[in-house]
Amino acid sequence: MDYGRLVAAMGIVWFHSQAPGARLAYAALPFFLVLLATPSRAGLRVRAQRLLLPFLRWSAIYAALGTALSLRHHQPPLGWWDWPMLLTGTSLHLWFLPFAFLVAMLTPMLTRRKVAPIAALWGAAAFCLFGTPEGIPLAQWSFGLIPVLVGIAYFTNGWRIAAATLILCWLMLTLGRPSADNVTILAGTGIALVVLAVRVAPTRLSSWCAGLSMWVYLAHPLILVAGRTAGLSGFALGIFAILGSLLLAQGIEAAMPRRPRARYIDKAAS
């Protein structure tokens with residue numbers, strides 16, 4: 001699972017770079033969303049510290065970046081601001097953090113036996129009848145609904161029910177509301193279920209991968225801005241973004257205080 005997190009983080013970087021194969025890399029997002037259901041003993045106060053504080057800090061960083069870019073292009077300093085940013089952060093990819101906290105609050109109500117699979121099927125039926133929301137952040141939250149509920153079903157009911165739930169949801173969505181996102185959700189969620197079923201002994205390398213994964217996710221738009229400013233695009237931008245994000249993530253990890261560090265997607269997001 002730890003190795004998968006880092007690979008998925010790099011997949012999201014590749015998707016945001018819009019390099020060739022970006023649509024395939026988008027399956028990394030539902031992979032992450034499934035892992036939000038990982039059981040944790042942390043209370044809501046601890047999860048708020050691990051999720052909402054980074055949300056505020058990184059929102060401040062991207063707010064400063066947006067203002068600097070606006071001034072550089074002789075635009076209003078706050079021309080980048082939009083009210084949905086109160087829930088998504090000042091960079092759209094930060095929506096993941098408050099959504100993870102919302103999942104943490106709702107998970108106890110869904111861990112009763114077979115509640116999550118039923119909720120997932122009802123969600124898929126609602127999407128077929130009424131469509132998926134298009135506004136921010138409801139569009140992102142609706143994308144995450146089925147992967148999260150399948151993840152809860154996995155940890156509560158086992159992989160067979162989780163896999164059956166995923167297949168039924170995918171069939172309902174494909175027949176009732178065809179979309180490229182249906183395949184993305186099926187692929188990413190299915191890969192997550194396979195990875196969850198494979199258990200290997202943790203190592204220093206796996207711990208390093210887990211520690212870097214969320215830093216890569218949070219910081220990679222900074223590298224993308226640098227790459228695009230340098231005139232990179234396509235495959236070259238994708239490679240530059242992945243390598244640059246890994247180096248920046250390692251720098252952030254090395255700068256953290258020497259104490260047991262929270263592994264965001266492992267402890268915080270679960």
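Below are the figures for this structure:
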{"quantity": "The chain: angle of helix 44-72 to the longest principal axis, Cα-based, in degrees nearest 10", "calculated": "40 degrees"}
{"quantity": "Contact order normalised by residue count of the chain, Cα under 8 Å, 6+ apart, percent", "calculated": "33 percent"}
{"quantity": "Heavy-atom accessible area order for 118, 239, largest first, 1.4 Å probe", "calculated": "118, 239"}
{"quantity": "The chain: calculated mean residue ellipticity at 222 nm from DSSP helix runs of at least 4, using -39500 (n - 2.57)", "calculated": "-24000 deg cm²/dmol"}
{"quantity": "Highest-MSF residue in the chain out of 235, 32, 101 [GNM, Cα springs under 10 Å]", "calculated": "235"}
{"quantity": "Candidates 30, 221, 147, ranked by Gaussian network fluctuation over the chain, Cα under 10 Å, top entry", "calculated": "221"}
{"quantity": "Cα long-axis angle, helix 180-197 against the chain (0 to 90 degrees, to the nearest 10)", "calculated": "80 degrees"}
{"quantity": "Gain on full stretching of the segment that runs from residue 197 to residue 71 - 0.36 nm per residue minus C-alpha separation", "calculated": "40.4 nm"}
{"quantity": "Amide N proximity, region 83-115 versus residue 139 label position 7 Å along Cα-to-Cβ, cut-off under 18 Å", "calculated": "83-97, 99"}
{"quantity": "Extension gain (nm, one decimal) between residue 233 and residue 175, 0.36 nm per residue minus Cα-Cα", "calculated": "17.2 nm"}
{"quantity": "Crossing angle, helix 138-157 versus the chain [Cα axis fit, 0-90 degrees, rounded to tens]", "calculated": "50 degrees"}
{"quantity": "Computed Rg/Rh of region 43-151, alpha carbon atoms with Kirkwood Rh", "calculated": "1.08"}
{"quantity": "Within region 92-127: backbone nitrogen closer than 20 Å to the residue 64 label point (7 Å, Cα to C-beta)", "calculated": "92-95"}
{"quantity": "Most fluctuating residue given options 179, 17, 233, as computed from a GNM of the chain linking Cα atoms under 10 Å", "calculated": "179"}
{"quantity": "Among (i) 0.96; (ii) 1.04; (iii) 1.02, the entry derived from the coordinates for Rg/Rh (Cα atoms, Kirkwood Rh)", "calculated": "(i)"}
{"quantity": "Sulfur and carbon atoms: percent of accessible area, region 1-107 [1.4 Å]", "calculated": "69 percent"}
{"quantity": "Solvent-accessible area per residue, Å², over the chain with all protein chains present [probe radius 1.4 Å]", "calculated": "50 Å²"}
{"quantity": "Set of region 153-194 residues, backbone N closer than 17 Å to the point 7 Å along the Cα-Cβ line of residue 112", "calculated": "153, 156-157"}
{"quantity": "With all protein chains modelled, accessible area of residue 90 [1.4 Å, Å²]", "calculated": "30 Å²"}
{"quantity": "Simple Cβ-charge dipole of region 68-194, Lys/Arg +1 and Asp/Glu -1, about Cα centre, in debye nearest 20", "calculated": "400 debye"}
{"quantity": "Dipole moment magnitude, nearest 20 debye, region 152-266 about Cα centre, only Lys, Arg, Asp, Glu C-beta charged", "calculated": "320 debye"}
{"quantity": "Which of 4, 43, 143, positive extreme of dipole for the chain (C-beta unit charges)", "calculated": "43"}
{"quantity": "Area accessible to solvent at residue 225, 1.4 Å probe radius, in Å²", "calculated": "50 Å²"}
{"quantity": "Average Cα contact separation per residue, region 9-139, under 8 Å, 6 or more apart, as relative contact order %", "calculated": "21 percent"}
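The values are calculated or read from the model by the stated rules, or taken from the named source; none is laboratory data. These numbers come from a predicted model, not from an experiment. Neighbour counts are summed over all protein chains in view; Cβ atoms, including those assigned to glycine, are modelled from backbone coordinates with ideal geometry. With ligands, DNA and RNA removed, areas are computed over all heavy atoms of the protein, side chains included. Shrake-Rupley method; radii C 1.70, N 1.55, O 1.52, S 1.80 Å.
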